[in-house]
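S.K.: Structure incoming, see below.
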Amino acid sequence: MKKRYSIWSALLGVICIITLFASYAIAPDQPRGIMIILLRGLFFTSILSGILSLILTYLSFQNKEEGFLKKLAPIIILSILLMFALSIIGIIVSIGDLF
């Protein structure tokens, strides 16, 4: 019996994006105390779930599973990376306006 890795891969990809956005959404300007621990937990949970999601995607391609779910996690991870790249480009452009 073949295991279904694509379902877990997609679920972990969704968890990755939810925890990443939650860590940025609830972060105050100056976090203190328990908020620091919560933000670190959310951030590292998103990183860990993203990595596990990509590993499970690889395993689902190895098992030649059918369906779209095995392609969902890489799309989510790439969209997160694209968002960060565009944010960094925006920061660099706005710094250039200061001079």
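S.K.: Quick check: anything in the range 30-53 among the hydrophobic types (A, V, I, L, M, F, W, C), in contact (Cβ under 8 Å) with a residue 60 or more places away in the chain and in a helix (DSSP H, G or I)?
M.R.: Among the residues of the range 30-53, not one is among the hydrophobic types (A, V, I, L, M, F, W, C), in contact (Cβ under 8 Å) with a residue 60 or more places away in the chain and in a helix (DSSP H, G or I), which makes the answer no.
S.K.: Quick test of your reading of the structure: Thr57 fulfils all but one of (1) in a helix (DSSP H, G or I); (2) free of Cβ contacts under 8 Å to residues at least 24 places away in the same chain; (3) not hydrophobic (A, V, I, L, M, F, W, C). Name the failing condition by number.
M.R.: For Thr57, the failing item is (2).
S.K.: Report yes if some residue within the range 63-74 is part of a helix (DSSP H, G or I), open to solvent by 40 Å² or more (accessible area, probe 1.4 Å) and at pLDDT 85 or above; otherwise report no.
M.R.: No, every residue in the range 63-74 fails to be part of a helix (DSSP H, G or I), open to solvent by 40 Å² or more (accessible area, probe 1.4 Å) and at pLDDT 85 or above.
S.K.: Something else about it: So, of the residues in the range 30-62 that are over 18 Å from Cys16 (Cα atoms) and β-branched (Val, Ile, Thr), which turns out to be surrounded by the most Cβ atoms within 10 Å (Cβ to Cβ)?
M.R.: Here the answer is Ile36.
The values are calculated or read from the model by the stated rules, or taken from the named source; none is laboratory data. From a predicted model like this one, the values you see are computed outputs, not experimental measurements. Neighbour counts run over all protein chains shown; Cβ positions are idealised from the backbone, glycine included. The accessibility values were calculated without ligands, DNA or RNA, using every heavy atom of the protein model including side chains. Shrake-Rupley method; radii C 1.70, N 1.55, O 1.52, S 1.80 Å.
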